[in-house]
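Since every read-out is calculated from the coordinates, none of them should be taken as a lab result. What you are looking at is a predicted structure, and each value in this text was computed from that prediction instead of being measured. In this analysis, Cβ positions are derived from the backbone assuming ideal geometry, glycine residues included, and neighbour counts consider all displayed protein chains.
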Amino acid sequence: MQTEVFGGEQRVSRPVRPLWTAMKRGFRGRCPHCGEGKLFSSFLTIAHKCESCGEEMFHHRADDLPAYLVVVIVGHVVVGAFMGVEATSTLSTWQHLAIWVPLTIFMSLALLRPVKGAVVGLQWALYMHGFGGEEDQIEMHPEV
């Protein structure tokens with residue numbers, strides 16, 4: 001690591017981490033650092049650390065971003081497909097429910113884990129939320 005001066009402020013420059021590689025590894029459920037170890041210890045629980053390279057993962061903060069992204073992706077696919085089918089066929093309401101509800105549930109469950117892994121990979125690559133070796137700074141706002 002090198003120390004550089006920007007606008008009179010001294011900063012430590014860190015090596016660039018490959019963003020897309022880290023996100024692809026996370027999407028596949030692998031450690032964003034080495035690509036070998038498992039990222040998840042259960043369905044949506046991130047492993048405490050990588051069993052292969054030892055990279056700590058416990059401090060990630062994906063929060064609601066993966067769920068939000070899944071809602072956006074699944075919503076666009078399902079609504080677009082629904083409108084296409086509705087325009088070209090005459091299915092009853094019950095037939096639509098039998099198609100689109102299970103498809104929505106399946107797609108949401110199938111995408112949630114890979115999207116969360118990609119978000120953790122993004123955070124790792126950008127040194128966010130403890131992946132850079134420092135604690136997050138929380139601003140305290142005085143009560144008005």
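Determine the dipole magnitude for the stretch 33-110: charges of +1 sit on the beta-carbon of Lys and Arg, -1 on that of Asp and Glu, nothing else is charged, the reference point is the Cα centre, and the result goes in debye to the nearest 20.
Working: 3 positive and 7 negative charges, 31 e Å.
For this selection, approximately 140 debye.
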Interchain or sequence-distant (5+) residues whose placed amide H lies within less than 5 Å of the amide H of Phe40 are Ala47
So, over other residues within a Cβ distance under 10 Å of Glu36, counting Lys, Arg +1 and Asp, Glu -1, the net charge is +2
The stretch 93-103 - phi-based ³J(HN,Hα) in whole Hz, Karplus 6.51/-1.76/1.60, Gly and Pro as x: 4, 5, 5, 4, 4, 5, 8, 7, 5, x, 5
Which whole-Hz couplings ³J(HN,Hα) result when phi for each residue of the stretch 56-62 is put into the Karplus expression 6.51 cos²θ - 1.76 cosθ + 1.60, θ = phi - 60°, listed in order with x for Gly and Pro? 7, 10, 4, 8, 4, 9, 6
Could you calculate the contour length gain from Ile105 to Arg17, that is, 0.36 nm times the residue separation minus the distance between their Cα atoms, to one decimal place in nm? 28.2 nm
What ranking do 32-42, 92-102, 114-124 get when scored by the average of other Cβ atoms within 10 Å per residue, highest first? 114-124, 32-42, 92-102
Listed peptides 77-87, 43-53 by packing density, highest first (mean Cβ within 10 Å): 43-53, 77-87
Which residues' amide hydrogens lie under 5 Å from the amide hydrogen of Glu55, considering only partners 5 or more residues apart or on another chain, with H built in the peptide plane? Cys50
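Give me the net charge for the shell around Pro66: Cβ to Cβ below 14 angstrom, other residues only, Lys and Arg +1, Asp and Glu -1. Present the calculation step by step, with values, prior to reporting the outcome.
Working: positive: Arg61, Arg113, Lys116; negative: Asp63, Asp64.
Local charge sum for Pro66: +1.
Stretch Tyr127-Leu44 to full length: gain in nm at 0.36 nm per residue minus the Cα-Cα span? Let's see the in-between values first.
Values: separation 83, 0.36 × 83 = 29.88 nm, distance 2.14 nm.
Separation in residues times 0.36 nm, less the Cα-Cα distance, equals 27.7 nm.
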